[in-house]
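Participant: For reference, the structure I am asking about is given below.
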Amino acid sequence: MRMLRWFCGHTRRDRVRNEIIRDRVGVAPIEEKLTQHRLRWFGHVQRRPPEVPVRNGVLERVDNVKRGRGRPKLTCDESVKRDLKDWNISKEIALDRSTWRLAINVPEP
């Protein structure tokens, strides 16, 4: 945001809202871009061969470890499932790279 404000010639003291700055510069919201990046990585992992360690579960968390008290940490799988549900995308589309890129694309305003 600091760079975007600098582009527009504003400072924090001018009290211009972030949404207005993003609209002027033409930048998509950061939340959508982070979701797009996470889903792009998910598609990359899904297209890997099944014997690769990242695909066959070697790098996953061990289940027999005692978890701490409180709310459990959000895992990568849970966040990807939430993103797929929010964007109404099925994970089978990830096998076709061109279709997947079109499905997860966040257009710049």
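What follows draws every value from the coordinates through simple rules; no lab data is involved. Keep in mind it's a predicted model, so treat the numbers as computed, not measured. Positions of Cβ are generated from backbone atoms using ideal geometry, with glycine treated the same way; all protein chains shown enter the neighbour counts.
Participant: What whole-number volume per residue, in cubic angstrom, does the convex hull of the C-alpha atoms of segment 20-109 give? Show your work: numbers first, answer last.
Facilitator: Details: hull volume 12.0 nm³, N = 90.
In segment 20-109, the Cα hull volume divided by residue count equals 133 Å³.
Participant: Using the Kirkwood radius over C-alpha pairs as Rh, can you work out the diffusion coefficient of segment 61-103 via Stokes-Einstein at 10 °C, viscosity 1.306 mPa s, in µm² per second? If you can, show how the numbers build up before the last one.
Facilitator: On the way: Rh = 12.7 Å.
After rounding, the answer is 125 µm²/s.
Participant: Can you give the Rg to Rh ratio of segment 1-58, both from alpha-carbon atoms, with Rh computed by the Kirkwood formula?
Facilitator: 1.32
Participant: Something else: Among all the lysines, which ones have a C-alpha under 22 Å from LYS91's C-alpha, if same-chain residues fewer than 8 places away are not counted?
Facilitator: LYS33, LYS81
Participant: Could you tell me the calculated FRET efficiency between LEU102 and LYS33, based on Cβ-Cβ distance and R0 = 22 angstrom, to the nearest 0.05?
Facilitator: Details: r = 16 Å, r/R0 = 0.74.
Once the sixth-power term is evaluated, E becomes 0.85.
Participant: Using the per-residue mean of other Cβ atoms lying within 10 Å as a proxy for protection, in what order, highest first, do the peptides 86-94, 1-9 fall?
Facilitator: Working: 86-94: 12.9, 1-9: 11.1.
Peptide ranking by packing, descending: 86-94, 1-9.
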